[in-house]
Amino acid sequence: MTKDGSSRWLVLVVRIPADPSRHRVAVWRELRRIGALSLGQGTWAVPDVPGFADGVTRVIELARRGEGEVVVLDAAGRAETDGARMEALFTTEREEEWAEFLADCGKFDAEIDKEIRIRKFTMAELEEEEQSLERLRRWHRELKARDVFGAPSAPEAERRLKHCADRLADYTEQVFQALHQM
């Protein structure tokens, strides 16, 4: 943030030879992983906050491995509306990620419902569901770290993750009860 409260950005201008394509793909994947906002052909932006520094460093290293380069520029909007527009674009992408996360929470919930309905109370199934919940927790941490402006769905995602954890705790109890009845 600047003194006037507007956001600061790092703009990454990425140039990598077309061949072999694996280097361009690796850079693109890393940019997507860190939540960079695509501004156009080879131009990306991330908020200038510490949480993005390691990802920017990885992007630069990956580009160098592919004999490319990344020019990193400090940027802020010239007008307050410019900064607000960047924040809105960035938050829209985070909102799309939260929507996908919420959909996966729904799938987790439906899976637990199915296992209870068919009375599949096995340790193997419990371990599988524990891994699914751990994946959701990792994903939530990653999204939360990228969501520096607070997308509207973030609080609902927090509630849904807790709900998933509660559902797994209930399912775990049912598995142990079923196994100890034998």
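What follows is calculated from the coordinates using simple rules that are stated; it is not laboratory data. For clarity, every value in this text was computed on a predicted model and none was experimentally measured. Methodologically, a virtual Cβ is constructed for each residue, glycine included, from the backbone with ideal geometry; neighbour enumeration extends over all protein chains shown.
Values computed for the structure shown
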quantity: Extent along principal axes [Cα atoms of segment 8-76; Å; largest to smallest]; calculated: 34, 20, 16
quantity: Crossing angle, helix 123-146 versus the chain [Cα axis fit, 0-90 degrees, rounded to tens]; calculated: 30 degrees
quantity: Environment charge at residue 45 (Cβ cut-off 12 Å; Lys +1, Arg +1, Asp -1, Glu -1); calculated: -3
quantity: Helix-only [θ]222 nm of the chain, DSSP H runs n ≥ 4, -39500 (n - 2.57) each, per residue, nearest 500; calculated: -22500 deg cm²/dmol
quantity: Two-site label geometry, residue 103 and residue 116: point separation in nm, points 7 Å out along Cα→Cβ; calculated: 2.5 nm
quantity: Net charge contributed by nearby residues that have their C-beta within less than 13 Å of residue 16 (K/R +1, D/E -1); calculated: +1
quantity: Extension reserve of the residue 69-residue 156 stretch, reckoned as 0.36 nm per residue once the Cα distance is removed; calculated: 27.4 nm
quantity: Residue 84 paired with residue 180, simple spin-label distance in nm, labels 7 Å along Cα-to-beta-carbon; calculated: 5.9 nm
quantity: Ascending count of other beta-carbon atoms within 10 Å, so fewest first, for 163, 23; calculated: 163, 23
quantity: At R0 = 25 Å, FRET efficiency that the Cβ-Cβ distance of residue 124 and residue 173 yields, to 0.05; calculated: 0.90
quantity: Sorted by Cβ density within 10 Å, fewest first, the residues 21, 132, 7; calculated: 21, 132, 7
quantity: Ranking of 176, 101 by count of other Cβ atoms within 10 Å, fewest first; calculated: 176, 101
